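Written below as structure tokens is the structure these notes are about.
The values are calculated or read from the model by the stated rules, or taken from the named source; none is laboratory data. Only a predicted model underlies this, so the values are computations on that prediction, with no experimental measurement involved. Methodologically, a virtual Cβ is constructed for each residue, glycine included, from the backbone with ideal geometry; neighbour enumeration extends over all protein chains shown.
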Amino acid sequence: MKVIIVDGHSEDPEEISTCIKTRWPEAIVTLTTAQEDTVRLIKNTLPDLVIIDLAPKEENGFYLCKEIRYFSEVPIIMLSNNSDDRSVVKGLEWGADDWIIKPFSYIQFLARIQAVIRRSRTLPLAQNDTPFETKDLTVEFDSKEVKVRGKQAKLTSIEYNILFHLIKNLGRPISSEQLLDKVWGQQYLDTKYLPKIHIQHLRQKIERDPTKPKIIVTERGQGYKLVISR
């Protein structure tokens, strides 16, 4: 496993690195501070995980996360002392897969790493390989390839998971709680803002007008539903 830790000038990176290596002795952990170095490292080494350790009142980590998402779907975890909902939501909206508030227990930290990596590596399989096809959307379950109006769409593992479960429940709304359980797992059931944020990301990639969704619609009080147009 290859991990890049982006240090926001905190006192924790060496301790975090040691923690990861203790759990995964084969892990190759690289520490960096510069944004340009991080982007180059990700492109050259193709890591399994990027951890951005945010410094207090530091905005660069958010911009780095957004820049990484332009070219890579590598799992990103952001660490911060800030528990303000606006900052957490901003981090997730700009591309982070998880936000962990410091101080944290290393047992929890390692469990969250394992969950993020598992989601990125283990995508759900359909019971058969028949592609799902509509006027706007084609999903090849065997290759996990998604096309929107004939053009390939680059989805994160979370976005693909959400889309898969929407297809599986075609015509029926699926609640935020159900999505949290199926996509993130039981330990995330108290983070109810996660589905909303990632549904927004998914709509931006598949809807003609994300502000007026026609494919993934919200059923008030029930959840989200996939609507097809053949």
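Which pairs have Cβ atoms under 9 Å, sit 6 or more apart or on different chains, and link a residue in the stretch 30-51 that is farther than 14 Å from L64 by Cβ and assigned to a helix (DSSP H, G or I) to one that is at pLDDT 90 or above and of a type outside the set (V, I, T)?
Sorted first by the residue in the stretch 30-51, then by its partner, the pairs are T45/K2.
So which of P103, P173 is surrounded by fewer than 17 Cβ atoms within 10 Å (Cβ to Cβ) and either in contact with a Gly (Cβ under 6 Å, 6 or more places away or on another chain) or over 23 Å from G223 (Cβ atoms) (or both)?
Only one candidate passes the filter, namely P103.
At pLDDT 90 or above, within 17 Å of the chain's Cα centre (by Cα) and of a type in the set (S, T, N, Q): which single residue out of Q222, Q204, Q187 fits that description?
That would be Q204, the only listed residue that is at pLDDT 90 or above, within 17 Å of the chain's Cα centre (by Cα) and of a type in the set (S, T, N, Q).
Within the bounds of the stretch 146-158, is there any residue that is surrounded by 14 or more Cβ atoms within 10 Å (Cβ to Cβ), hydrophobic (A, V, I, L, M, F, W, C) and within 19 Å of T218 (Cβ to Cβ)?
Yes, because at least one residue in the stretch 146-158 is surrounded by 14 or more Cβ atoms within 10 Å (Cβ to Cβ), hydrophobic (A, V, I, L, M, F, W, C) and within 19 Å of T218 (Cβ to Cβ).
Inspect all residues belonging to the stretch 74-83 and state whether any of them is in contact with a strand residue (DSSP E or B) (Cβ under 9 Å, 6 or more places away or on another chain), modelled with pLDDT of 85 or more and among the small types (G, A, S).
Yes: one or more hits.
The conditions are (1) outside the structural domain of L202 (by TED's automatic domain parsing); (2) more than 21 Å from the chain's Cα centre (by Cα); (3) modelled with pLDDT of 90 or more, and T138 fails exactly one of them. Which is it?
(1)
Answer yes or no as to whether N60 is over 22 Å from R203 (Cα atoms), free of Cβ contacts under 8 Å to residues at least 40 places away in the same chain and surrounded by fewer than 18 Cβ atoms within 10 Å (Cβ to Cβ).
Answer is no for this residue.
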